[in-house]
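Q: Sharing a structure here in structure tokens format.
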Amino acid sequence: MIVLTTPTGGIGRQVLDRVLNSGEAFRVIARDPSRLPEEVRTRAEVVPGSHGDAETISKALVGADRLFWLVPPPGFAAPIGAVKHYLDFTGPLSRALEDRGIGVVGVTSLGHGYQGRSGLLEAAFAMDALIEGTGTPYRALALPFFMENLLRQVESIKEQGSFSMANAADRPLLTVATRDAATAAAGLLLDSSWSDQARVPVVSPDNLTPNEMAAVISDVLGRPISYHQVPIEGLRAQMQQHGAGPALAEGMPEMIEAQNDGIYDAEPLAPRGSKVAGETSFRQWCVDTLEPAVRG
């Protein structure tokens, strides 16, 4: 029995699509089951509730041997820090896993071993340590910057011909398409041969700077698109002005500072022979996903 969390989320929905027709029995945890496709509601066991709730996760794991785990991001105004958010959410899971031997496939960050503050990424590493401490089999999908983050800037790309982030314009930024993360997750969930703990980096085959990303977007869209780097402190002040809680107002700027400092270079891309390479290049993602969104 495979258990899936976040079945309506950006990655979880794609994992669900890949498991749906596998022939494997599966169960989903959903805060709002009505958001699930009818096919899922009729073919899967559905456990209503939050997977951060002790009773819900314990009920969902009965008879299970594989779990897809993803902690949802903290709310914009979350009153606690990022590490506490991740640990509070994962605490009930760590207690429910004891002595069950359930294989967990979790979504985490690339950059393990980085020395320094890393905000939201630091929180993901703390989550990993908590799960690993249970002794359960664990495959940690270590992911860099999501290409899909750029979809938040579709209007700016369309109307102003530009996109902006606080990431250094001329520093390579490893990326991944969420579809590659979902493919890797589903492959591990459907593979019963592993029973140890390992980190599994999933990254795009290319490694572009934001300026180079802008050049690719320009080429795909057939018109000039520029990249604008905003100051970290300006980002932090803007988030605080708009009421962001500590998890994001502190965690996001620290994360970007760590990205600019090379956090993704701190972790080998093929530890212990566990690498699952992402197949989607940034250009291909732009053709398949960004261009239709901009032109839509």
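The values are calculated or read from the model by the stated rules, or taken from the named source; none is laboratory data. Just so it is clear, the structure is predicted and the values come from calculations on it, not from any experiment. Glycine also receives a Cβ, built like all others from the backbone with ideal geometry; neighbour counts cover every protein chain displayed.
Quick grid of which residues meet (1) out of contact with any Leu (no Cβ under 8 Å at 6 or more places or on another chain); (2) at pLDDT 95 or above; (3) closer than 24 Å to residue 187 by Cβ:
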| position | (1), (2), (3) |
| --- | --- |
| 45 | yes, no, yes |
| 48 | yes, yes, no |
| 53 | yes, yes, no |
| 78 | no, no, no |
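Q: Now, a different point. Filtering region 1-22 down to residues that are more than 21 Å from the chain's Cα centre (by Cα) and under 18 Å from residue 105 (Cβ atoms), which residue is modelled with the highest pLDDT? Break it down into steps so the answer makes sense when it comes.
A: Pass one, region 1-22, residues more than 21 Å from the chain's Cα centre (by Cα): 1, 21-22.
Now narrow it down to the ones that are under 18 Å from residue 105 (Cβ atoms): 1, 22.
On the way: 1: 95, 22: 91.
Once the filter is applied, the top-ranked residue is 1.
Q: Of all residues being in a helix (DSSP H, G or I) and touching a residue at least 24 places away in the same chain (Cβ under 8 Å) in region 220-233, which is nearest to residue 116 (Cα to Cα)? Just the residue, please. Walk me through it before giving the result.
A: To start, the set of residues in region 220-233 that are in a helix (DSSP H, G or I) comprises 220-221, 232-233.
From what is left, the residues that are touching a residue at least 24 places away in the same chain (Cβ under 8 Å) are 220-221, 232.
Values: 220: 37, 221: 38, 232: 16 Å.
That would be 232.
Q: Give the residue that is nearest to residue 95 (Cα to Cα), with candidates limited to residues of region 16-50 that are crowded, with 19+ Cβ neighbours inside 10 Å and in contact with a Pro (Cβ under 8 Å, 6 or more places away or on another chain).
A: 29
Q: Right, here's the next one. Filter region 189-205 down to the residues that are in contact (Cβ under 8 Å) with a residue 24 or more places away in the chain, surrounded by fewer than 18 Cβ atoms within 10 Å (Cβ to Cβ) and outside any strand (DSSP E or B) and list them by number.
A: 190, 192, 194, 195, 196, 205
Q: What pairs come out if I take residues in region 247-262 that are more than 16 Å from residue 76 (Cα to Cα) and pair them with residues that are among the aliphatic types (A, V, I, L, M) whose C-beta lies under 7 Å away, six or more apart or interchain?
A: 256/166; 256/232; 257/232; 258/121; 259/173; 260/168
Q: Okay, next question. Looking at 42, 90, 56, which is the one that is more than 24 Å from residue 193 (Cα to Cα), assigned to a helix (DSSP H, G or I) and under 18 Å from the mean Cα position of the chain (by Cα)?
A: On the way: 42 fails: under 18 Å from the mean Cα position of the chain (by Cα); 56 fails: under 18 Å from the mean Cα position of the chain (by Cα).
The match here is 90.
Q: Another question, if that's okay. Regarding residue 167, is this residue in contact (Cβ under 8 Å) with a residue 40 or more places away in the chain, more than 30 Å from residue 7 (Cβ to Cβ) and within 19 Å of the chain's Cα centre (by Cα)? Spell out the reasoning first.
A: Numbers: in contact (Cβ under 8 Å) with a residue 40 or more places away in the chain: yes; more than 30 Å from residue 7 (Cβ to Cβ): yes; within 19 Å of the chain's Cα centre (by Cα): yes.
For residue 167, the condition - in contact (Cβ under 8 Å) with a residue 40 or more places away in the chain, more than 30 Å from residue 7 (Cβ to Cβ) and within 19 Å of the chain's Cα centre (by Cα) - is met.
Q: Considering only region 151-179, state which residues are crowded, with 18+ Cβ neighbours inside 10 Å, in contact with a Leu (Cβ under 9 Å, 6 or more places away or on another chain) and closer than 30 Å to residue 139 by Cβ.
A: Passing the criteria: 165, 167, 173, 174, 175, 176, 178.
Q: Kindly indicate whether any position in region 232-250 is out of contact with any Asp or Glu (no Cβ under 7 Å at 6 or more places or on another chain) and at pLDDT 95 or above. Steps first, please.
A: Here is the first cut: in region 232-250, the ones out of contact with any Asp or Glu (no Cβ under 7 Å at 6 or more places or on another chain) are 233-250.
In the following step, the residues that additionally are at pLDDT 95 or above were identified as none.
No, because not a single residue in region 232-250 is out of contact with any Asp or Glu (no Cβ under 7 Å at 6 or more places or on another chain) and at pLDDT 95 or above.
Here is a yes/no grid of residues against (1) under 17 Å from residue 254 (Cβ atoms); (2) touching an Asp or Glu at 6+ places or on another chain (Cβ under 7 Å):
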site	(1), (2)
68	no, no
85	yes, no
97	no, no
100	no, no
117	yes, yes
120	yes, no
132	no, no
141	no, no
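Q: Okay, next question. Among the residues in region 51-65, are any surrounded by fewer than 18 Cβ atoms within 10 Å (Cβ to Cβ), of a type outside the set (S, T, N, Q), touching a Pro at 6+ places or on another chain (Cβ under 7 Å) and free of Cβ contacts under 8 Å to residues at least 60 places away in the same chain?
A: The answer is yes; a qualifying residue exists.
Q: Out of curiosity, is residue 109 among the polar types (S, T, N, Q), under 16 Å from residue 142 (Cα atoms), touching a residue at least 24 places away in the same chain (Cβ under 8 Å) and surrounded by 14 or more Cβ atoms within 10 Å (Cβ to Cβ)? Talk me through it step by step, then tell me what you get.
A: Working: among the polar types (S, T, N, Q): yes; under 16 Å from residue 142 (Cα atoms): yes; touching a residue at least 24 places away in the same chain (Cβ under 8 Å): yes; surrounded by 14 or more Cβ atoms within 10 Å (Cβ to Cβ): yes.
So residue 109 fits the description; yes.
Q: Going through region 3-34 one residue at a time, which ones are among the small types (Gly, Ala, Ser), part of a helix (DSSP H, G or I) and touching a residue at least 24 places away in the same chain (Cβ under 8 Å)?
A: 12
Q: Tell me which of these residue 78 doesn't satisfy, since it passes every other one: (1) within 20 Å of residue 264 (Cα to Cα); (2) assigned to a loop (DSSP other than H, G, I, E, B); (3) among the aliphatic types (A, V, I, L, M).
A: Answer for residue 78: the failing condition is (1).
This table checks each residue for (1) under 13 Å from the mean Cα position of the chain (by Cα); (2) of a type in the set (A, V, I, L, M, F, W, C); (3) not in a helix (DSSP H, G or I).
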{"residue": "114", "(1), (2), (3)": "no, no, yes"}
{"residue": "121", "(1), (2), (3)": "yes, yes, no"}
{"residue": "126", "(1), (2), (3)": "no, yes, no"}
{"residue": "134", "(1), (2), (3)": "no, no, yes"}
